[in-house]
Amino acid sequence: MDVKTFGVVGAGQMGNGIAQVAAVSGLQVIMNDINDEFVQKGLKNITKLLTRSVDKGKMSEEDKIAILGRIQTSVDLKDMAKADFVVEAAIEREDLKFQIFRDLESICPPEVILATNTSSIPIGRIASQTKRPDKVIGMHFMNPVPVMKLVEIIRGLATSDETLTVTRDLAVKFGKTPAEASDYPGFISNRILLPMINEAIYCLYTGVGNCEDIDTVMKLGMNHPMGPLALADLIGLDTCLAVMETLYSGFNDSKYRPCPLLRKYVEAGWLGKKSGKGFYNYD
Ligand SMILES: NC(=O)c1ccc[n+]([C@@H]2O[C@H](COP(=O)([O-])OP(=O)(O)OC[C@H]3O[C@@H](n4cnc5c(N)ncnc54)[C@H](O)[C@@H]3O)[C@@H](O)[C@H]2O)c1
(Lines give C-alpha, C1' and ligand atoms only; values in the text may rest on other atoms or scores of the structure.)
Protein backbone atom coordinates (compact mmCIF):
# COMPACT_ATOMS: atom_id res chain seq x y z
CA MET A 1 0.00 0.00 0.00
CA ASP A 2 1.42 3.35 -1.07
CA VAL A 3 0.82 6.07 1.52
CA LYS A 4 1.02 9.56 0.03
CA THR A 5 -1.32 11.57 2.24
CA PHE A 6 -1.03 11.14 6.00
CA GLY A 7 -3.80 12.30 8.33
CA VAL A 8 -3.23 13.33 11.96
CA VAL A 9 -6.22 13.85 14.29
CA GLY A 10 -5.24 16.11 17.22
CA ALA A 11 -2.63 18.86 16.83
CA GLY A 12 -1.40 18.91 20.45
CA GLN A 13 2.15 18.18 21.53
CA MET A 14 2.12 14.66 20.03
CA GLY A 15 -0.07 15.40 16.98
CA ASN A 16 2.01 18.31 15.73
CA GLY A 17 5.21 16.32 16.27
CA ILE A 18 3.80 13.41 14.25
CA ALA A 19 2.65 15.81 11.51
CA GLN A 20 6.16 17.29 11.43
CA VAL A 21 8.03 13.99 11.02
CA ALA A 22 5.56 12.85 8.36
CA ALA A 23 5.96 16.09 6.37
CA VAL A 24 9.76 15.98 6.75
CA SER A 25 9.69 12.44 5.28
CA GLY A 26 8.00 13.83 2.14
CA LEU A 27 4.35 12.92 2.77
CA GLN A 28 1.44 15.30 2.31
CA VAL A 29 -0.09 15.84 5.74
CA ILE A 30 -3.55 16.84 6.95
CA MET A 31 -3.39 17.98 10.58
CA ASN A 32 -6.80 18.21 12.27
CA ASP A 33 -8.04 19.57 15.60
CA ILE A 34 -11.34 20.76 16.99
CA ASN A 35 -10.74 24.45 16.31
CA ASP A 36 -8.42 26.80 14.46
CA GLU A 37 -6.69 28.03 17.62
CA PHE A 38 -5.40 24.51 18.33
CA VAL A 39 -4.28 23.74 14.76
CA GLN A 40 -2.51 27.12 14.51
CA LYS A 41 -0.79 26.45 17.84
CA GLY A 42 0.40 23.10 16.45
CA LEU A 43 1.59 24.69 13.22
CA LYS A 44 3.41 27.41 15.18
CA ASN A 45 5.29 24.77 17.14
CA ILE A 46 6.33 22.95 13.95
CA THR A 47 7.48 26.26 12.40
CA LYS A 48 9.50 27.06 15.54
CA LEU A 49 11.30 23.70 15.49
CA LEU A 50 12.02 23.85 11.75
CA THR A 51 13.31 27.43 12.10
CA ARG A 52 15.63 26.24 14.86
CA SER A 53 16.99 23.56 12.47
CA VAL A 54 17.57 26.23 9.80
CA ASP A 55 19.34 28.48 12.33
CA LYS A 56 21.61 25.61 13.33
CA GLY A 57 22.46 24.95 9.67
CA LYS A 58 20.79 21.51 9.73
CA MET A 59 18.11 22.42 7.18
CA SER A 60 17.81 24.92 4.33
CA GLU A 61 15.17 27.66 4.31
CA GLU A 62 13.84 26.16 1.04
CA ASP A 63 13.36 22.77 2.69
CA LYS A 64 11.58 24.38 5.63
CA ILE A 65 9.17 26.17 3.28
CA ALA A 66 8.58 22.95 1.32
CA ILE A 67 7.87 20.95 4.52
CA LEU A 68 5.41 23.55 5.80
CA GLY A 69 3.81 23.61 2.35
CA ARG A 70 3.05 19.90 2.70
CA ILE A 71 1.00 20.44 5.88
CA GLN A 72 -2.67 21.24 5.38
CA THR A 73 -4.57 22.27 8.50
CA SER A 74 -8.14 21.14 9.15
CA VAL A 75 -10.93 21.69 11.65
CA ASP A 76 -13.32 19.30 9.93
CA LEU A 77 -12.73 15.57 10.40
CA LYS A 78 -14.32 14.97 6.98
CA ASP A 79 -11.02 16.23 5.46
CA MET A 80 -9.59 12.82 6.45
CA ALA A 81 -11.47 11.41 3.45
CA LYS A 82 -8.37 12.37 1.41
CA ALA A 83 -5.88 10.53 3.66
CA ASP A 84 -4.35 7.12 2.86
CA PHE A 85 -3.40 6.50 6.49
CA VAL A 86 -4.69 8.24 9.63
CA VAL A 87 -3.16 8.41 13.09
CA GLU A 88 -5.30 9.66 15.96
CA ALA A 89 -3.50 11.71 18.65
CA ALA A 90 -6.38 13.37 20.52
CA ILE A 91 -6.51 13.47 24.31
CA GLU A 92 -6.30 10.20 26.25
CA ARG A 93 -10.00 9.62 26.83
CA GLU A 94 -11.61 6.37 25.78
CA ASP A 95 -15.08 7.79 24.97
CA LEU A 96 -13.54 10.52 22.81
CA LYS A 97 -11.27 8.13 20.92
CA PHE A 98 -14.19 5.73 20.38
CA GLN A 99 -16.24 8.55 18.81
CA ILE A 100 -13.33 9.64 16.59
CA PHE A 101 -12.89 6.06 15.31
CA ARG A 102 -16.62 5.69 14.65
CA ASP A 103 -16.50 8.96 12.69
CA LEU A 104 -13.33 7.95 10.80
CA GLU A 105 -15.00 4.63 9.92
CA SER A 106 -17.70 6.51 8.02
CA ILE A 107 -15.37 9.15 6.54
CA CYS A 108 -12.34 7.15 5.34
CA PRO A 109 -12.41 4.64 2.46
CA PRO A 110 -12.42 1.04 3.74
CA GLU A 111 -8.80 0.31 2.74
CA VAL A 112 -7.42 3.13 4.90
CA ILE A 113 -5.47 2.12 8.02
CA LEU A 114 -6.63 3.84 11.21
CA ALA A 115 -3.83 4.04 13.79
CA THR A 116 -3.94 5.42 17.32
CA ASN A 117 -1.19 7.06 19.34
CA THR A 118 -2.95 6.06 22.59
CA SER A 119 -0.63 5.65 25.58
CA SER A 120 -2.56 2.81 27.14
CA ILE A 121 -6.07 2.11 25.85
CA PRO A 122 -6.31 -1.43 24.41
CA ILE A 123 -6.23 -1.39 20.61
CA GLY A 124 -8.89 -4.12 20.41
CA ARG A 125 -11.39 -1.90 22.24
CA ILE A 126 -10.74 0.96 19.82
CA ALA A 127 -10.81 -1.40 16.81
CA SER A 128 -14.21 -2.76 17.84
CA GLN A 129 -15.70 0.70 17.17
CA THR A 130 -15.02 0.16 13.46
CA LYS A 131 -15.93 -2.35 10.76
CA ARG A 132 -12.23 -2.75 9.87
CA PRO A 133 -10.53 -4.10 13.04
CA ASP A 134 -7.88 -5.68 10.77
CA LYS A 135 -6.84 -2.14 9.78
CA VAL A 136 -6.64 -0.69 13.29
CA ILE A 137 -3.25 -0.57 15.02
CA GLY A 138 -1.35 1.27 17.76
CA MET A 139 1.38 3.59 16.47
CA HIS A 140 2.78 4.97 19.69
CA PHE A 141 5.26 7.79 19.21
CA MET A 142 7.37 9.14 22.06
CA ASN A 143 7.59 12.73 23.28
CA PRO A 144 9.12 14.91 21.81
CA VAL A 145 8.31 13.16 18.53
CA PRO A 146 10.96 14.80 16.28
CA VAL A 147 13.70 13.78 18.76
CA MET A 148 12.73 10.36 20.13
CA LYS A 149 13.73 7.35 18.05
CA LEU A 150 11.14 4.81 19.18
CA VAL A 151 7.74 4.01 17.74
CA GLU A 152 6.02 1.27 19.73
CA ILE A 153 3.71 -0.66 17.42
CA ILE A 154 0.80 -2.45 19.02
CA ARG A 155 -1.03 -5.15 17.22
CA GLY A 156 -4.61 -5.83 18.26
CA LEU A 157 -6.00 -9.38 18.07
CA ALA A 158 -7.51 -8.67 14.65
CA THR A 159 -4.74 -6.46 13.18
CA SER A 160 -3.59 -7.92 9.84
CA ASP A 161 -0.01 -8.64 8.76
CA GLU A 162 -0.37 -6.06 6.00
CA THR A 163 -1.44 -3.34 8.45
CA LEU A 164 1.56 -4.18 10.62
CA THR A 165 3.96 -4.04 7.66
CA VAL A 166 2.63 -0.71 6.34
CA THR A 167 2.84 0.84 9.83
CA ARG A 168 6.37 -0.46 10.48
CA ASP A 169 7.50 0.82 7.07
CA LEU A 170 6.05 4.26 7.82
CA ALA A 171 7.85 4.42 11.17
CA VAL A 172 11.12 3.61 9.39
CA LYS A 173 10.36 6.22 6.71
CA PHE A 174 10.00 8.76 9.54
CA GLY A 175 13.52 7.85 10.73
CA LYS A 176 12.24 5.87 13.74
CA THR A 177 12.96 2.41 15.11
CA PRO A 178 9.80 0.31 15.56
CA ALA A 179 9.37 -2.13 18.46
CA GLU A 180 6.34 -4.41 18.71
CA ALA A 181 4.19 -4.90 21.80
CA SER A 182 1.11 -7.00 22.49
CA ASP A 183 -2.22 -5.40 23.21
CA TYR A 184 -2.32 -5.16 27.02
CA PRO A 185 -2.92 -1.97 29.03
CA GLY A 186 0.10 0.34 28.84
CA PHE A 187 1.78 -1.96 26.27
CA ILE A 188 5.53 -2.19 27.10
CA SER A 189 6.51 1.46 27.46
CA ASN A 190 3.88 2.76 29.85
CA ARG A 191 3.46 -0.54 31.70
CA ILE A 192 7.00 0.04 32.94
CA LEU A 193 7.35 3.83 32.90
CA LEU A 194 4.11 5.05 34.48
CA PRO A 195 4.21 2.89 37.64
CA MET A 196 7.71 4.31 38.23
CA ILE A 197 6.44 7.88 37.77
CA ASN A 198 3.43 7.13 40.01
CA GLU A 199 5.79 5.80 42.70
CA ALA A 200 7.89 8.97 42.45
CA ILE A 201 4.69 10.98 43.02
CA TYR A 202 3.92 8.79 46.06
CA CYS A 203 7.43 9.62 47.37
CA LEU A 204 6.56 13.31 47.10
CA TYR A 205 3.06 12.76 48.56
CA THR A 206 4.34 10.87 51.60
CA GLY A 207 7.26 13.24 52.21
CA VAL A 208 10.06 10.83 51.33
CA GLY A 209 11.70 13.60 49.31
CA ASN A 210 11.03 16.90 47.58
CA CYS A 211 10.74 17.26 43.78
CA GLU A 212 14.36 18.21 43.20
CA ASP A 213 15.75 15.42 45.40
CA ILE A 214 13.52 12.73 43.87
CA ASP A 215 14.56 13.76 40.37
CA THR A 216 18.25 14.12 41.33
CA VAL A 217 18.30 10.60 42.78
CA MET A 218 16.93 9.12 39.56
CA LYS A 219 19.12 11.25 37.27
CA LEU A 220 22.46 10.91 39.04
CA GLY A 221 21.86 7.60 40.79
CA MET A 222 20.11 5.68 38.00
CA ASN A 223 21.51 7.57 35.02
CA HIS A 224 18.08 8.62 33.78
CA PRO A 225 18.33 11.64 31.45
CA MET A 226 15.35 13.26 33.22
CA GLY A 227 13.88 12.82 36.67
CA PRO A 228 10.45 11.10 36.84
CA LEU A 229 8.63 14.24 38.03
CA ALA A 230 10.09 16.43 35.28
CA LEU A 231 9.20 13.68 32.82
CA ALA A 232 5.63 13.52 34.16
CA ASP A 233 5.37 17.29 33.58
CA LEU A 234 6.62 16.81 30.02
CA ILE A 235 4.17 13.98 29.27
CA GLY A 236 1.25 15.90 30.81
CA LEU A 237 -0.23 14.98 34.20
CA ASP A 238 -3.67 14.40 32.64
CA THR A 239 -2.12 11.79 30.34
CA CYS A 240 -0.20 10.22 33.26
CA LEU A 241 -3.41 9.94 35.30
CA ALA A 242 -5.33 8.50 32.34
CA VAL A 243 -2.65 5.83 31.81
CA MET A 244 -2.62 4.90 35.52
CA GLU A 245 -6.44 4.62 35.48
CA THR A 246 -6.20 2.29 32.47
CA LEU A 247 -3.55 0.12 34.17
CA TYR A 248 -5.55 0.09 37.45
CA SER A 249 -8.83 -0.92 35.82
CA GLY A 250 -7.21 -3.11 33.17
CA PHE A 251 -5.30 -5.31 35.65
CA ASN A 252 -7.63 -4.79 38.63
CA ASP A 253 -4.54 -4.59 40.82
CA SER A 254 -4.02 -2.03 43.62
CA LYS A 255 -0.33 -1.70 42.77
CA TYR A 256 -1.44 0.49 39.86
CA ARG A 257 -3.62 2.82 41.99
CA PRO A 258 -2.99 6.41 40.83
CA CYS A 259 -1.41 8.53 43.58
CA PRO A 260 -4.02 10.92 45.11
CA LEU A 261 -1.57 13.80 44.64
CA LEU A 262 -1.51 13.17 40.86
CA ARG A 263 -5.31 13.31 40.79
CA LYS A 264 -5.31 16.51 42.86
CA TYR A 265 -2.91 18.25 40.47
CA VAL A 266 -5.00 17.28 37.45
CA GLU A 267 -8.20 18.49 39.17
CA ALA A 268 -6.47 21.83 39.81
CA GLY A 269 -5.54 22.12 36.12
CA TRP A 270 -1.84 21.68 36.95
CA LEU A 271 -1.08 19.54 33.91
CA GLY A 272 2.69 20.09 33.70
CA LYS A 273 4.64 21.91 31.03
CA LYS A 274 1.68 22.39 28.67
CA SER A 275 -0.33 24.33 31.31
CA GLY A 276 2.67 26.19 32.76
CA LYS A 277 2.55 24.39 36.12
CA GLY A 278 2.97 20.87 37.36
CA PHE A 279 5.59 19.60 39.76
CA TYR A 280 7.70 22.50 38.47
CA ASN A 281 6.81 26.01 37.22
CA TYR A 282 7.24 26.86 33.52
CA ASP A 283 6.32 30.55 33.40
N1 LIG B 1 2.33 13.45 26.05
C2 LIG B 1 3.06 12.38 25.84
O3 LIG B 1 4.22 12.29 26.30
C4 LIG B 1 2.51 11.24 25.02
C5 LIG B 1 3.38 10.25 24.55
C6 LIG B 1 2.86 9.23 23.75
C7 LIG B 1 1.49 9.19 23.48
N8 LIG B 1 0.68 10.16 23.97
C9 LIG B 1 -0.75 10.11 23.62
O10 LIG B 1 -0.98 11.00 22.56
C11 LIG B 1 -2.32 11.51 22.64
C12 LIG B 1 -2.25 13.02 22.65
O13 LIG B 1 -1.50 13.47 23.76
P14 LIG B 1 -0.87 14.94 23.80
O15 LIG B 1 0.18 14.90 24.83
O16 LIG B 1 -0.54 15.40 22.43
O17 LIG B 1 -2.12 15.78 24.36
P18 LIG B 1 -2.42 17.33 24.14
O19 LIG B 1 -3.37 17.70 25.24
O20 LIG B 1 -1.18 18.11 23.96
O21 LIG B 1 -3.19 17.36 22.73
C22 LIG B 1 -4.42 16.74 22.49
C23 LIG B 1 -5.10 17.46 21.37
O24 LIG B 1 -6.25 16.73 20.97
C25 LIG B 1 -7.21 17.67 20.59
N26 LIG B 1 -8.54 17.07 20.53
C27 LIG B 1 -9.40 16.81 21.53
N28 LIG B 1 -10.54 16.27 21.03
C29 LIG B 1 -10.37 16.16 19.69
C30 LIG B 1 -11.20 15.72 18.63
N31 LIG B 1 -12.42 15.24 18.86
N32 LIG B 1 -10.73 15.78 17.38
C33 LIG B 1 -9.49 16.26 17.13
N34 LIG B 1 -8.66 16.72 18.10
C35 LIG B 1 -9.10 16.68 19.37
C36 LIG B 1 -7.10 18.76 21.63
O37 LIG B 1 -7.71 19.95 21.21
C38 LIG B 1 -5.58 18.87 21.76
O39 LIG B 1 -5.04 19.82 20.85
C40 LIG B 1 -2.93 10.90 23.90
O41 LIG B 1 -3.65 9.74 23.53
C42 LIG B 1 -1.72 10.54 24.72
O43 LIG B 1 -1.96 9.50 25.63
C44 LIG B 1 1.15 11.20 24.73
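Some points to look at:
- Taking the numbered list (1) away from the ligand (no atom under 16 Å from the Cβ); (2) touching an Asp or Glu at 6+ places or on another chain (Cβ under 6 Å); (3) among the charged types (D, E, K, R) in turn, residue 273 passes all entries but (1).
- Boolean, residue 187 is touching an Asp or Glu at 6+ places or on another chain (Cβ under 7 Å), among the aromatic types (Phe, Trp, Tyr) and within 27 Å of residue 18 (Cβ to Cβ): yes
- Check on residue 74, within 14 Å of the ligand (Cβ to nearest atom), over 18 Å from the mean Cα position of the chain (by Cα), small (Gly, Ala, Ser) and within 15 Å of residue 9 (Cβ to Cβ): yes
- Residue, surrounded by the fewest Cβ atoms within 10 Å (Cβ to Cβ), within the range 225-242, restricted to residues that are closer than 14 Å to residue 264 by Cβ and of a type outside the set (D, E, K, R): 241
- Among residues of the range 86-127, those that are β-branched (Val, Ile, Thr), in a loop (DSSP other than H, G, I, E, B), surrounded by 17 or more Cβ atoms within 10 Å (Cβ to Cβ) and within 11 Å of the ligand (Cβ to nearest atom), counted: 2
- The condition (being touching a residue at least 60 places away in the same chain (Cβ under 8 Å), in contact with a Lys or Arg (Cβ under 8 Å, 6 or more places away or on another chain), within 25 Å of residue 149 (Cβ to Cβ) and more than 10 Å from the ligand (Cβ to nearest atom)) is satisfied by just one residue among 53, 25: 25.
- Note on the range 71-85: residues that are β-branched (Val, Ile, Thr) and surrounded by fewer than 22 Cβ atoms within 10 Å (Cβ to Cβ) amount to 2.
- When residue 220 is tested against (1) modelled with pLDDT of 95 or more; (2) more than 27 Å from residue 187 (Cβ to Cβ); (3) in contact with a Gly (Cβ under 9 Å, 6 or more places away or on another chain), just one condition goes unmet, and that condition is (3).
- If you go through the range 3-15 and keep only what is under 12 Å from residue 73 (Cβ atoms) and either near the ligand (Cβ under 8 Å from one of its atoms) or out of contact with any helix residue (DSSP H, G or I) (no Cβ under 8 Å at 6 or more places or on another chain) (or both), you end up with 11, 15.
- Summed over the range 147-168, residues that are part of a loop (DSSP other than H, G, I, E, B) and crowded, with 20+ Cβ neighbours inside 10 Å total 2.
- Failed condition for residue 139, given (1) farther than 19 Å from residue 7 by Cα; (2) outside any helix (DSSP H, G or I): (1)
- When each of 174, 187, 141 is tested for being within 16 Å of the ligand (Cβ to nearest atom) and on the phi > 0 side of the Ramachandran plot, the lone residue that passes is 187.
- Scanning the range 177-222 for residues that are basic (Lys, Arg) and crowded, with 20+ Cβ neighbours inside 10 Å gives no hits.
- Filtered by the rule that a residue be more than 10 Å from the ligand (Cβ to nearest atom), in a helix (DSSP H, G or I) and touching a residue at least 24 places away in the same chain (Cβ under 8 Å), the range 222-232 gives 228, 229, 230.
- Meets criteria (buried (at least 23 other Cβ atoms within 10 Å of the Cβ) and in contact (Cβ under 8 Å) with a residue 12 or more places away in the chain) for residue 250: no
- Per the conditions (1) touching a residue at least 12 places away in the same chain (Cβ under 8 Å); (2) closer than 19 Å to residue 33 by Cβ, the sole criterion not satisfied by residue 96 is (1).
The values are calculated or read from the model by the stated rules, or taken from the named source; none is laboratory data. Small disclaimer: the values here were computed from a predicted structure and weren't measured. Neighbour counts run over all protein chains shown; Cβ positions are idealised from the backbone, glycine included.
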